[in-house]
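J.: Submitted below is the structure of interest, expressed as structure tokens.
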Amino acid sequence: MRLLGARICILFCALAAHCAYAGNQQYEPLSASVQAALHATVSDEATPFVAFDTKEQARAWLDKMSRALAKRMPERRAREEFLLTVHYEATRAGLDPELVLGLIEVESNFRKYAVSTSGARGYMQVMPFWTRLIGTASQNLFHLRINLRYGCTILRYYLDMEHGDYYRALGRYNGSLGQPAYPNMVMRAWHANWSPSG
């Protein structure tokens with residue numbers, strides 16, 4: 001009996017390692033105009049770009065963020081592709097890329113295939129109902145760019161809804177509006193681990 005209990009415990013721990021901390025956005029009906037605007041945002045196939053004034057500035061940012069991420073993503077090429085995609089999608093949505101990195105750290109700890117107990121998927125822990133609501137059901141939320149596009153679009157939507165209040169927007173993103181624990185974790189990760197001046 002003890003052996004069976006130990007095996008169940010090991011299996012539970014192994015499964016828990018693949019689950020993510022958060023990502024429980026709540027379904028809320030959207031007006032037709034908001035739904036259309038969000039659909040256009042996630043459907044746009046614009047060519048990725050990096051929004052820096054100079055190549056030197058871009059390289060300095062990439063090197064600093066890459067060093068901070070190296071333990072979680074050891075393979076340099078994949079790490080830099082991830083960071084460039086984060087920067088592009090965050091900038092495109094009018095978000096601070098370092099905020100998005102802080103959110104990803106808390107949501108999935110940079111695990112591409114993370115799945116939360118509520119079914120949220122990928123780096124930014126996007127709930128599958130969003131693909132049906134503002135995208136197409138065939139979109140793969142484990143795909144790097146699709147996941148980041150949705151996550152950044154959703155966070156921007158919540159920030160606009162909350163008139164720029166990060167704490168309330170992050171609470172909405174996590175499905176914990178009014179509870180300080182999650183926004184505080186994201187804000188701490190953002191400023192302590194991803195601030196370019198830190």
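J.: In the stretch 168-181, how many are in a helix (DSSP H, G or I) and buried (at least 16 other Cβ atoms within 10 Å of the Cβ)?
T.: The initial filter retains those residues of the stretch 168-181 that are in a helix (DSSP H, G or I), namely 168-174, 181.
Now restrict to residues that are buried (at least 16 other Cβ atoms within 10 Å of the Cβ): 168-174.
Of the residues in that region, 7 qualify.
J.: Output the residues belonging to the stretch 147-165 that are in a helix (DSSP H, G or I), free of Cβ contacts under 8 Å to residues at least 40 places away in the same chain and either in contact with a Leu (Cβ under 9 Å, 6 or more places away or on another chain) or under 21 Å from A78 (Cα atoms) (or both).
T.: N147, Y158
J.: Residue by residue through the stretch 170-190, note down the ones that are in contact (Cβ under 8 Å) with a residue 12 or more places away in the chain and farther than 18 Å from S108 by Cα.
T.: P180
J.: Could you tell me how many of the residues in the stretch 129-168 are among the β-branched types (V, I, T) and under 17 Å from E107 (Cβ atoms)? Explain how you work it out, then say what you get.
T.: Initial filter on the stretch 129-168 (among the β-branched types (V, I, T)): 131, 134, 136, 146, 153-154.
Subset that is under 17 Å from E107 (Cβ atoms): 146, 153-154.
Total satisfying the criteria: 3.
J.: Return the only residue of E81, E98, E89 being surrounded by fewer than 21 Cβ atoms within 10 Å (Cβ to Cβ) and either in contact with a strand residue (DSSP E or B) (Cβ under 7 Å, 6 or more places away or on another chain) or assigned to a helix (DSSP H, G or I) (or both).
T.: Result of the check over E81, E98, E89: E81.
J.: Here is a follow-up. Quick one: count up the residues across the stretch 125-135 that are touching a helix residue (DSSP H, G or I) at 6+ places or on another chain (Cβ under 9 Å) and without any contact (Cβ under 8 Å) to a residue 60 or more places away in the chain.
T.: So the answer is 1.
J.: Would you check which residues across the stretch 64-78 are part of a helix (DSSP H, G or I) and either surrounded by 12 or more Cβ atoms within 10 Å (Cβ to Cβ) or at positive phi (or both) and list them?
T.: K64, M65, S66, A68, L69, A78
J.: Restrict the check to the stretch 186-196 and report whether at least one residue is more than 16 Å from E98 (Cα to Cα) and modelled with pLDDT of 95 or more.
T.: From the stretch 186-196, those more than 16 Å from E98 (Cα to Cα) are none; that's our starting set.
There is no residue in the stretch 186-196 that is more than 16 Å from E98 (Cα to Cα) and modelled with pLDDT of 95 or more.
J.: Output the number of residues of the stretch 63-90 satisfying the condition of being among the hydroxyl-bearing types (S, T, Y) and more than 26 Å from R156 (Cβ to Cβ).
T.: Residues flagged as among the hydroxyl-bearing types (S, T, Y) and more than 26 Å from R156 (Cβ to Cβ) within the stretch 63-90 amount to 0.
J.: Scan the stretch 117-139 and give yes if some residue there is surrounded by fewer than 19 Cβ atoms within 10 Å (Cβ to Cβ), among the hydroxyl-bearing types (S, T, Y) and within 16 Å of F82 (Cβ to Cβ), otherwise no.
T.: No, every residue in the stretch 117-139 fails to be surrounded by fewer than 19 Cβ atoms within 10 Å (Cβ to Cβ), among the hydroxyl-bearing types (S, T, Y) and within 16 Å of F82 (Cβ to Cβ).
J.: Still on this structure: Quick check on my filter: what residues within the stretch 149-167 are aliphatic (A, V, I, L, M) and buried (at least 21 other Cβ atoms within 10 Å of the Cβ)?
T.: Result: I154, L155, L159.
J.: Can you tell which of N109, N184 is surrounded by fewer than 17 Cβ atoms within 10 Å (Cβ to Cβ), closer than 24 Å to K64 by Cα and in contact with a strand residue (DSSP E or B) (Cβ under 8 Å, 6 or more places away or on another chain)? Let's see the steps before the verdict.
T.: Working: N184 fails: in contact with a strand residue (DSSP E or B) (Cβ under 8 Å, 6 or more places away or on another chain).
N109 is the lone residue from the list that is surrounded by fewer than 17 Cβ atoms within 10 Å (Cβ to Cβ), closer than 24 Å to K64 by Cα and in contact with a strand residue (DSSP E or B) (Cβ under 8 Å, 6 or more places away or on another chain).
The values are calculated or read from the model by the stated rules, or taken from the named source; none is laboratory data. Keep in mind that what you see is a predicted model, and the values were worked out from it rather than measured. Cβ atoms come from the backbone with ideal geometry, glycine included; neighbour counts cover every protein chain shown.
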